[in-house]
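Okay, so here's the structure we're looking at.
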């Protein structure tokens, strides 16, 4: 007997018909002999309705009460799913976050899970029940209801799966897996049968919306085996693994991109020690997350200090920087909201230099100017003018041959060596 | 410092504007120096929306999950009210049933409060908070969320008031008090400044919708001082007292009526001991509440056995009786759904005979035939053809002079005896 945790997002439970469809999938898993724990989000639209009520009654809704209000969304969807399962002759119980033992810190609206007491869930599983748990919510030490912030249902599922030592945590969503790039931009994009946890983390961090970064972090920390699947289509989805497969290690696994950021440069900063922290400290105090940071010595001896922020925080950051620039004697502040960020991600980069160089060559061939670059062990990120984003992504997808199914290095039918050569030829001949 | 428990029904919190209005009333009580606990129902319409979802997904929604679903309605209204209070600079916290320590038995959809652990509420009051509690819900010993059934918010307020030893439990509703009769039927009906608990119980039991009978029962058992007031208009409302005032003891305090019942008669029942229980036992097993029961020896030696049930249970009861009648050798079953029930209620009846006689005379003068009669110490109830209901109620209201403000027996300005005589003359001249 194995234990599976399934998570269904808001679109998957967005209507009574869809809840019935989810019930069918849950029943199929139960009838295949698994113990099943299901984590659900609120019905799509319901959270927005509740948020509208909150902002209709208060300009700045009290955090504790906001969590109290919004957490009702999952309580509705979970009880409807449980009803549907009971109606079809199965044993099912729904549980709120506190009933399922999801403990969090006290940040009402952006709480983090601190502990899972799975005794209640385990008891209900032992009684033969399918257990439906409200995603996105928990309880703090004082007994207040908390919410985990957007995407929190994924985190609930992952934390529960880890605590229950589930055999698999299946995240059902409206796409059928993780792709080499967003198929809406790159029609040739290919679903990845698997991806490493580190790659997934980098992908989520730079805009691949399949999984929330926080959920991937928790999965990584707790070593919960994750799979992303579609609620609407059958298929194996994408498995997020903790070991790198020795069989298949492409240099680049996928391309992530977004245009949700903006770039700010403090121009002509006097080149003194500690100047970077003088610039970034007030930004941090305003709770603005800073992403790429680049410092260049400029021609006239001063330094240009550049970083990116979320676009919705651009104006606030700009205002702060203008004051800072004056204070530290810099020449001024320059900003640009029309940027896009593109990242290549792949664990193969560790042992394969030249990815950045090839990336620059491909973009250069399309006359796309690179404004910023940053690299990590398994990622190269560039910032370009946003109007070239689609062009750049498609060129990189083609240039790195991400649409081509990688051939397995081991093939029992053909002789091993021949197959290996064929594969490397196929890969090499399109390298610039 | 006194403690007030206020309860606002679904209409009173039916929109954001109305919630703001409730917040004003709560703040006024707080600023008058009271500790305030507020019990709220779900926003009007919200419960219906949730019930529709439940019956959309299941023909017979599982009770546990139904309570889980429907209890979100109060969680929404309470958090919105708390937000509104916080936004206006007051300290307020909302609490679900379980957070407020409302313990119930395990009948998910019709649970009864078994205990109140007020420690959490008291702690928050001691911290200077206005405490908003979800009505209509609690938690059973297994930690399942339960609901109290329709009107349960009144019961929550009364039970909390008793547990906290509140100075007053104020039930805010869409009428400004308890009337001598429903003003929609009797325009001359008069608001009663006070009514005894026993009278209120009888009134609630026979269709006066101001307070749920269960809430009045709990108030009586726990001796919680109750007041019914309007959410929309200023005014003292009606105080429900536990002592009968020596000053004012009208024979009849009010008239209650309803047309929600139906009458069933098993005709020609063989006159043997134990036959009544043979008829009523299967009705009780089907969870059908029986109200008036009358047994008459009929002309041909057998007995006619008559009782009333809720109209929505008429068909089911009729089917059961047909089988029972055959089994016990009765002649048949007769039924009538077009009946109405009218009751006169008043503690003065205890010491004043002739009320029933006067009632029959007034109805007889209007050519209204009386089908059934039952009496208690402080109530006389008749069943008549439903088409005469309004006529009968108005005739009784006029005949018993309920629209006339009763004069106080003690009047310090005029000589005592003269005033007494004037009052009794005014009363007597309209008898019969």
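A short reminder: the numbers here are calculations on the coordinates, not readings from a lab. Computed from a predicted structure; not experimentally measured. Glycine also receives a Cβ, built like all others from the backbone with ideal geometry; neighbour counts cover every protein chain displayed.
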Place a point 7 Å from the Cα of residue A:241 in the direction of its beta carbon; the residues of the range A:333-358 whose amide N falls under 20 Å from it are A:345-352
Note down the nm distance, to one decimal, between modelled labels 7 Å out along Cα→Cβ at residue A:338 and at residue B:361. 9.6
Assume the label is 7 Å from Cα along Cα to beta carbon: what separations in nm does residue B:360 have to the matching positions in the other copies? 11.0
Find the chain A residue whose Cβ sits closest to the rotation axis that carries A onto B, and give that distance in whole Å. A:72, 2
Subtract the Cα-Cα distance of residue B:234 and residue B:60 from 0.36 nm times their separation in residues, and report this length gain in nm to one decimal. 58.3 nm
Convex hull per residue volume in Å³, alpha carbons only, for the range B:58-202: 161
Compute a Gaussian network model of chain B, connecting alpha carbons closer than 10 Å, and tell me which residue from B:283, B:130, B:339 fluctuates the most. B:283
Label residue A:17 and residue B:398 with points 7 Å out from Cα along Cα→Cβ: what is the distance between them in nm? 5.9
Per GNM of chain B with C-alpha springs under 10 angstrom, the most fluctuating residue out of B:370, B:145, B:328 is B:328
What are the label-to-label distances in nm, one decimal and shortest first, from residue A:20 to the same spot in the other copies, with labels 7 Å along Cα to Cβ? 4.2
Just to verify a number: FRET efficiency for residue B:165 and residue B:280, C-beta to C-beta distance, R0 = 41 Å, to 0.05? 0.50
At 10 °C and 1.306 mPa s, the Stokes-Einstein diffusion coefficient in µm²/s for the protein assembly as shown, with hydrodynamic radius from the Kirkwood sum on alpha carbon pairs, is 49
At 4 °C in a medium of viscosity 1.567 mPa s, the range B:3-246 has a Stokes-Einstein diffusion coefficient, with Rh taken as the Kirkwood radius over alpha carbon pairs, in µm² per second, of 72
Residue B:390 to residue A:127: FRET efficiency via 1/(1 + (r/R0)^6), r the Cβ-Cβ distance, R0 51 Å, to the nearest 0.05? 0.40
Within a Gaussian network of chain B (alpha carbon springs, distance under 10 Å), most fluctuating of B:140, B:35, B:48: B:48
The range A:249-400: mean projected area of Cα convex hull, nm²: 9.6
Enumerate the whole-percent occupancy of each 10 Å bin, from 0 to the last occupied one, for all C-alpha pair distances of chain A. 4, 19, 25, 24, 18, 8, 2, 0
CD proxy, 222 nm, the protein assembly as shown: helix-only mean residue ellipticity via -39,500 (n - 2.57) per DSSP H run with n ≥ 4, per residue, nearest 500, stands at -11000 deg cm²/dmol
If the label for residue A:107 sits 7 angstrom from Cα along the Cα-to-Cβ line, what are its distances to the same label in every other copy, in nm to one decimal, shortest first? 4.6
Sites residue A:311 and residue A:209, calculated FRET efficiency, Cβ-Cβ separation with R0 22 Å, nearest 0.05: 0.90
One would report the antiparallel percent of DSSP beta bridges in chain A, rounded to the nearest 5, as 60
How far is the Cα center of the range B:187-206 from the Cα center of the range B:107-149, in Å? 29
Sort the range A:124-277 into rounded, prolate or oblate with this rule: let a ≥ b ≥ c be the square roots of the eigenvalues of the Cα gyration tensor; rounded if a/c is under 1.5, and if a/c is not under 1.5, prolate when a/b is larger than b/c, oblate otherwise. oblate
Alpha-carbon spread of the range A:293-339, three principal axes, descending order, Å: 33, 23, 14
